[in-house]
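Each value in this text was obtained by applying a stated rule to the coordinates, not by laboratory testing. Note that the structure is predicted; figures quoted are calculated from it, not measured. Please note: Cβ atoms are built from the backbone with ideal geometry, for glycine as well, and neighbour counts cover all protein chains shown.
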Amino acid sequence: MGSLIEGDVTMSEMPVRSELRTRALSYSIGTIVDGVDLRELSPIEIDAIRQLWLERKVLFFPGQHLDADSHLAFAAHFGEISEGHPVIPGIPGNPRIFQIDYSDDREVYASYGDTARTAGLDWHTDVTFVERPPMGSILSAVAIPPSGGDTMFSDQGAAFAALSPRMQDFLEGLTAVHDGQQAFQYALDFIGAGTWEGQEVTSLKQVIHPVVRTHPETGQRSLFVNPGFTKRIVELDPSESEMLLGFLYRHAVRPEFTVRYHWTQGDVGFWDNRATQHAVVGDYGDQARIIQRVTLRGDEPR
Ligand code: SIN
């Protein structure tokens, strides 16, 4: 893919004119965007944000303080809003808003095993245990602890590109099983049924995705396995699969592919779930951390 953004630029230097100001947080992934009100975007700004999002994979918009309606309206500029999660319900009264709060004492969370409840603290790509995982998501920081609670994102295109050509060739064409049971079966048993793509979800079936995915908009190839939900590589023996996945999980989140964002209440983050993994840094003890997420419908990875 040709580069859309060279280093730190203002959007007025780009083909589309706008007052957006950008600051890259690392070489390949993550940009802070200022000079824009996400409630009042012009068509040019929407195009510019999409172009920048595709290039930088995660964008952060400080100080936006979106309410639920403006959060949903912002998301709708970029795709079709889906259910927040196939198993966990959205917030009462607003099912399309998914709340991330690891201290939430709703009964559904209380029903979780400890491992599942803190799954977001490990590296993962959201909901890859369905046929069409989300395209992307938009986070709105509702309550942020005085210290800690950052989110890390890793660029899976950069991770793939850094592999040797021989390894890239080997991985192309392999497929892997993804399974949400370990993380979400407890909750599904408790709830009885979730909803995804408008259909009732009563069981979590394994799905198979390519190990290397081609981005449907940019054409960039990226690694598409994650320790949250990938169980094994179909074409390999179990021990070979375990060894290769172990290597890929370590490689995929090497520091040089990552960006780490420190939230302030009111900030908004928007990531491309087709080309990234993310993890919350669980270093905030029992301080409150509440983030709300709106999710965009995705397509079948190829
Ligand atoms: C998520 O894992 O979807 C949300 C990440 C966060 O809470 O920062």
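Okay, here's what the table says:
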{"item": "Farthest positive-ward along the chain dipole, Cα basis, beta-carbon charges - from 270, 92, 247", "result": "247"}
{"item": "Mean residue ellipticity (222 nm) of the chain, computed from DSSP H runs ≥ 4 via -39,500 (n - 2.57), nearest 500", "result": "-6500 deg cm²/dmol"}
{"item": "C-alpha center-to-center spacing [region 251-283, region 140-219] in angstrom", "result": "14"}
{"item": "Loop-located trypsin sites (Lys or Arg not before Pro) in region 197-260, at most 14 other Cβ atoms within 10 Å (DSSP)", "result": "205"}
{"item": "Interchain or long-range residues, amide H under 5 Å from residue 231's placed H", "result": "177, 178, 179"}
{"item": "D_trans [Stokes-Einstein, Kirkwood Rh over alpha-carbon pairs] for region 168-236, 25 °C, 0.890 mPa s, µm² s⁻¹", "result": "179"}
{"item": "Of the GluC sites (Glu not before Pro) in region 147-207, those whose Cβ has at most 13 other Cβ within 10 Å and which sit in DSSP loop", "result": "172, 197"}
{"item": "Using θ = phi - 60° and Karplus 6.51 cos²θ - 1.76 cosθ + 1.60, couplings along region 215-224 (whole Hz; Gly, Pro as x)", "result": "5, x, 9, 9, x, 5, 8, 9, 5, 9"}
{"item": "Order of 295, 31, 214 - criterion: other Cβ atoms within 10 Å of each residue's Cβ, fewest first", "result": "214, 31, 295"}
{"item": "Environment charge of residue 268, counting only residues whose C-beta is closer than 13 Å and scoring Lys/Arg +1, Asp/Glu -1", "result": "-2"}
